[in-house]
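Heads up: the structure comes next, in structure tokens.
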Amino acid sequence: MAINTTMKVEIGTVAAPTDFTSRTLGLSVDQQVDVNVIGRGTCRITLLNKDGALTPNGGGTYSSTDWFAQGVFVSAITDTGGATTTTAVFHGIVIDFDLVDDGVYSTVTITAVDGLTVGGKSIPPTLTAITPAASYLSIIQLAFDAGYGTLSLPRLGTTDAKLRLSNLTTDQIFTPVTSATSKTFSSYADLWQTTVIPTGNDVVWATVIVENGGLAFYDCVDIPFANTRDTVYRTDFVFDPSGSVSGTDLPFKADNFEQAFNNDTLITNATIQGNYSGATSVTSTAATVNTYGARTAAFTDTLVADSTAASDMATKLTNRYSTSRFTPVSLSLSASLVKAKCDDAAKTRWENLLNITDGIWQKATITWAGSGAATQTADCVIKGRRIDATPQDVTVTLTLANWIDNHGFILNTDELNTDRLG
């Protein structure tokens, strides 16, 4: 058989959205994450409106719809000739509605963003002093599960809406954090970005929106400290040239494969300060500062408990990101390529890659041969993906970075003197 893929587009309440797939002319999903920043996801969907059903005040089926109170739910439907599997690709909230109508032909482009982007605009109460020291896990759960106050999130047809955080690693989640003084923030995004996330060297992004018990839950995940998923959440992807794919491996398009130096993300000086704990500001300087100059990262409003914790975090950043590397930065594959080249055994890997939770911050092993060069294999981490879909095909373009620099040591998998322990 072969792996078949189609996209499904739904807009509306979380419990019973309306299927707009038949109107969908095309869509684009862009999701990017990184260490110490809030991940962000955006989706744009172009819908056919020749019958005027979507035109506000036009008398059509959806002419009175309050579009900015609606959720957007994009899924991938896959099968190998039998039962189908539905995979969540993007969930978010409508923030823009663009009508193009010349009186003869009409389209509507819907733009949606993820739940963290929407909820991050809420204003939190004052962050009170944290004494005695608490665990990082407990603080980030409070900050994202609205323990510090209520976030304003569209209810999507339910009685209430909440953020819900899941941790994908058990690494160092009990590392102590503290604050000796209180602190006010302009928004939850400010609280998350300037204080909470840098405290844990965290990777955070929004995933699905689900209904449970009459509530809308905006789910998100994080992978703090070593940024390594626990085994149960880990999927290792293998990408081969399209002419030599077998088993669970996936193909990629050689003409869209890109490599580059990682100099834009180098850190040769890192400063960490527990601004609310009284911890001394600590700066770690890499030996390569004399080679590449000062490439500085500073996080001075964290909740690290003491100078030792600040030093550990600063040293981790300079140990990881102070080496210039020539590495794969992007590759593309498509549903049609997967259908033509992949074994049925690759179906689950393809579904995982499309999945909003499983397709990001995973290991990707890539093998390729450049013009006149020997065959190479590199291990990368998937930092993001762009998914462009039409009724004819689905193209996935991955954003990649070096794997060694972006994960902690995995027992029985990584190699001593090659992979990093922290």
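The values are calculated or read from the model by the stated rules, or taken from the named source; none is laboratory data. Nothing here was measured: the structure is a model prediction, and the numbers come from that model. Neighbour counts are summed over all protein chains in view; Cβ atoms, including those assigned to glycine, are modelled from backbone coordinates with ideal geometry.
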Looking across segment 332-355 at residues that are assigned to a strand (DSSP E or B) and out of contact with any helix residue (DSSP H, G or I) (no Cβ under 8 Å at 6 or more places or on another chain), the single one that is farthest from F252 (Cα to Cα) is S334
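Conditions tested, residue by residue: (1) assigned to a loop (DSSP other than H, G, I, E, B); (2) on the phi > 0 side of the Ramachandran plot; (3) touching a residue at least 60 places away in the same chain (Cβ under 8 Å).
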| residue | (1), (2), (3) |
| --- | --- |
| T78 | no, no, yes |
| T87 | no, no, yes |
| I93 | no, no, yes |
| L99 | no, no, no |
| V104 | yes, no, no |
| A133 | no, no, yes |
| L142 | no, no, no |
| A161 | no, no, no |
If we keep only residues of segment 72-90 that are touching a Lys or Arg at 6+ places or on another chain (Cβ under 9 Å) and over 18 Å from P17 (Cβ atoms), then the residue surrounded by the most Cβ atoms within 10 Å (Cβ to Cβ) is T78
* Some residue of segment 303-324 being among the aliphatic types (A, V, I, L, M) and over 30 Å from A129 (Cβ atoms) -> no
Screening F237, F252 for residues that are closer than 16 Å to N406 by Cβ, buried (at least 19 other Cβ atoms within 10 Å of the Cβ), touching a strand residue (DSSP E or B) at 6+ places or on another chain (Cβ under 7 Å) and not assigned by TED's automatic domain parsing to the domain that holds R295 leaves only F237
Those residues of segment 259-310 which are of a type outside the set (A, V, I, L, M), modelled with pLDDT of 90 or more and part of a helix (DSSP H, G or I) amount to N263, D264, T265, N290, T291, Y292
Here the residues within segment 307-340 that are crowded, with 17+ Cβ neighbours inside 10 Å and over 28 Å from A364 (Cα atoms) are S307, A309, A310, S311
The condition of being surrounded by 20 or more Cβ atoms within 10 Å (Cβ to Cβ), not assigned by TED's automatic domain parsing to the domain that holds T55 and not polar (S, T, N, Q) holds, among I130, I93, only for I130
Being in contact with a Gly (Cβ under 9 Å, 6 or more places away or on another chain), assigned to a loop (DSSP other than H, G, I, E, B) and either in contact (Cβ under 8 Å) with a residue 24 or more places away in the chain or not basic (K, R) (or both): is that true of G58 here? yes
Among residues of segment 205-222 being crowded, with 21+ Cβ neighbours inside 10 Å and either under 11 Å from the mean Cα position of the chain (by Cα) or free of Cβ contacts under 8 Å to residues at least 40 places away in the same chain (or both), the residue nearest to F90 (Cα to Cα) is T207
In the set D379, D388, D405, the lone residue that is more than 15 Å from V89 (Cα to Cα) and at pLDDT 95 or above is D379
Looking across segment 175-192 at residues that are crowded, with 23+ Cβ neighbours inside 10 Å and among the aromatic types (F, W, Y), the single one that is farthest from L151 (Cα to Cα) is W192
Of the candidates D51, D34, the one satisfying the condition of being touching a residue at least 60 places away in the same chain (Cβ under 8 Å) and either closer than 30 Å to Q193 by Cα or in a loop (DSSP other than H, G, I, E, B) (or both) is D34
